[in-house]
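Enquirer: Quick one: this structure, given as structure tokens, is what I'll be asking you about.
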Amino acid sequence: RRIAEADSVAVIGLGRFGSALALELMASGTEVLGIDVDEDLVQSLNGRLTQVVRADSTKEEALRQLAVDEFDRVVVAIGHDIQASILTCSVLLGLGIPVIWAKAVEDRHGLILEQLGVHRVIYPEKAMGKRVAHLVRGAALDYIEVDPGYALVKTAAPRVLLGKRLGDTGLRGAYGVTVAAFKRDDDEWSNADADTVLAEGDTILVVGPTSAAEGFAQLR
Ligand code: ADP
């Protein structure tokens, strides 16, 4: 047993998406086994992940040798080589990995992965395109749709909220949103409550139904 401890993740495919994911997991304290067929990529990540290995993930024996079958979570970040993505997911499902995440580059690719039984299929380019559309369009400084129809929006505090307790603004009744947190100057974020009084220049996090939260972010 190598690094297949409870909080470790195997990332297969260390292209732009896979390597960013693997490095972010490392930064947040998760052990990562990275796998790619490309020797240059493996070299460039050597020492920056817990373990990086050159291997062809479509080969069951190779994955067994790396003890990938002992991981609870595996991410397949192979996108453009759809055949390699599908074969790898099939091998991992055969090994009985409890949770497999896989990246899809287009809808039919994703559908096949879902039909195979991959637990979490993600569409990074599609998701990012949708997200940026909301940023380009409006006044939101950042935007996350938590589920279809419910969003978290970062925006400048509008005039209607300034200088009085949030509890006295009638915000929920009038706009159907909640201010979850605020940030002043270069301070850290603080949780907002009914006694919070916002000032001009504050940045806020608004949560609520997508249309309400986005509409609120348009206020000045
Ligand atoms: P991105 O767009 O995130 O860069 P790509 O799909 O272009 O994603 O890259 C996926 C990575 O997966 C590449 O680095 C490629 O070498 C790797 N890869 C492709 N096939 C295999 C395989 N059979 N085994 C291991 N790694 C693979």
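Enquirer: Would you pick out the residues in the range 171-220 that are of a type in the set (D, E, K, R) and on the phi > 0 side of the Ramachandran plot? Explain how you work it out, then say what you get.
Expert: Within the range 171-220, the first condition is being of a type in the set (D, E, K, R), and the residues that meet it are 172, 183-188, 193, 195, 200, 202, 214, 220.
Within the range 171-220, Asp185 is the sole residue that qualifies.
Enquirer: Based on what the data block shows, is Ala194 farther than 30 Å from Lys103 by Cβ, of a type in the set (A, V, I, L, M, F, W, C), exposed (fewer than 14 other Cβ atoms within 10 Å of the Cβ) and touching a residue at least 12 places away in the same chain (Cβ under 8 Å)?
Expert: So Ala194 passes the test.
Enquirer: What tally of residues in the range 46-60 results from selecting those that are surrounded by fewer than 20 Cβ atoms within 10 Å (Cβ to Cβ) and over 21 Å from Val105 (Cα atoms)?
Expert: Taking the range 46-60 and keeping what is surrounded by fewer than 20 Cβ atoms within 10 Å (Cβ to Cβ), we get 46-48, 50-51, 53-56, 59-60.
Still in the list and also over 21 Å from Val105 (Cα atoms): 46-48, 50-51, 53-55, 59-60.
Adding up the residues that qualify gives 10.
Enquirer: Further, regarding this structure: Do the conditions hold for Asp202, that is, is it assigned by TED's automatic domain parsing to the domain that holds Ala140, modelled with pLDDT of 95 or more and of a type in the set (D, E, K, R)?
Expert: Details: assigned by TED's automatic domain parsing to the domain that holds Ala140: yes; modelled with pLDDT of 95 or more: yes; of a type in the set (D, E, K, R): yes.
So Asp202 passes the test.
Enquirer: I need the full set of residues from the range 61-74 which are surrounded by fewer than 24 Cβ atoms within 10 Å (Cβ to Cβ) and within 12 Å of the ligand (Cβ to nearest atom), in order please.
Expert: Within the range 61-74, Ala62, Leu66 meet the criteria.
Enquirer: Which condition breaks for Ile78 when tested against (1) near the ligand (Cβ under 10 Å from one of its atoms); (2) of a type in the set (Val, Ile, Thr); (3) within 18 Å of Glu114 (Cβ to Cβ); (4) assigned to a helix (DSSP H, G or I)?
Expert: So the condition that Ile78 fails would be (4).
Here's the yes/no breakdown for (1) within 29 Å of Asn191 (Cβ to Cβ); (2) in contact with a Leu (Cβ under 6 Å, 6 or more places away or on another chain); (3) surrounded by 15 or more Cβ atoms within 10 Å (Cβ to Cβ):
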site: Gly79; (1), (2), (3): no, no, yes
site: Leu92; (1), (2), (3): no, no, yes
site: Val105; (1), (2), (3): no, no, yes
site: Leu111; (1), (2), (3): no, no, no
site: His134; (1), (2), (3): yes, no, yes
site: Ala139; (1), (2), (3): yes, no, yes
site: Pro148; (1), (2), (3): yes, no, no
site: Gly163; (1), (2), (3): yes, no, no
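Enquirer: Could you grab me the full set of residues in the range 31-45 that are under 16 Å from Gly79 (Cα atoms), in contact with a Leu (Cβ under 9 Å, 6 or more places away or on another chain) and buried (at least 18 other Cβ atoms within 10 Å of the Cβ)? Show your work before the answer.
Expert: Step one: filter the range 31-45 for residues under 16 Å from Gly79 (Cα atoms), giving 34-38, 41.
After this cut, where a residue has to be in contact with a Leu (Cβ under 9 Å, 6 or more places away or on another chain) as well, the list is 34-36, 38, 41.
Listed by number, the residues that qualify are Gly34, Ile35, Asp36, Leu41.
Enquirer: May I pose another question? Can Arg54 be described as in contact (Cβ under 8 Å) with a residue 60 or more places away in the chain and either within 15 Å of the ligand (Cβ to nearest atom) or under 22 Å from the mean Cα position of the chain (by Cα) (or both)?
Expert: Working: in contact (Cβ under 8 Å) with a residue 60 or more places away in the chain: no; either within 15 Å of the ligand (Cβ to nearest atom) or under 22 Å from the mean Cα position of the chain (by Cα) (or both): yes.
Judged against the criteria, Arg54 is not a match.
Enquirer: Please give the number of the condition Val153 fails out of (1) under 29 Å from Arg73 (Cβ atoms); (2) of a type in the set (Val, Ile, Thr); (3) not in a helix (DSSP H, G or I).
Expert: Going through the list (1) under 29 Å from Arg73 (Cβ atoms); (2) of a type in the set (Val, Ile, Thr); (3) not in a helix (DSSP H, G or I), Val153 breaks only (1).
Enquirer: Would you check if Lys126 is out of contact with any strand residue (DSSP E or B) (no Cβ under 9 Å at 6 or more places or on another chain) and either more than 30 Å from Gly94 (Cβ to Cβ) or part of a helix (DSSP H, G or I) (or both)?
Expert: Numbers: out of contact with any strand residue (DSSP E or B) (no Cβ under 9 Å at 6 or more places or on another chain): yes; either more than 30 Å from Gly94 (Cβ to Cβ) or part of a helix (DSSP H, G or I) (or both): yes.
Yes.
The values are calculated or read from the model by the stated rules, or taken from the named source; none is laboratory data. A quick note: this is a predicted structure, and the numbers were derived from the prediction, not measured. Cβ atoms come from the backbone with ideal geometry, glycine included; neighbour counts cover every protein chain shown.
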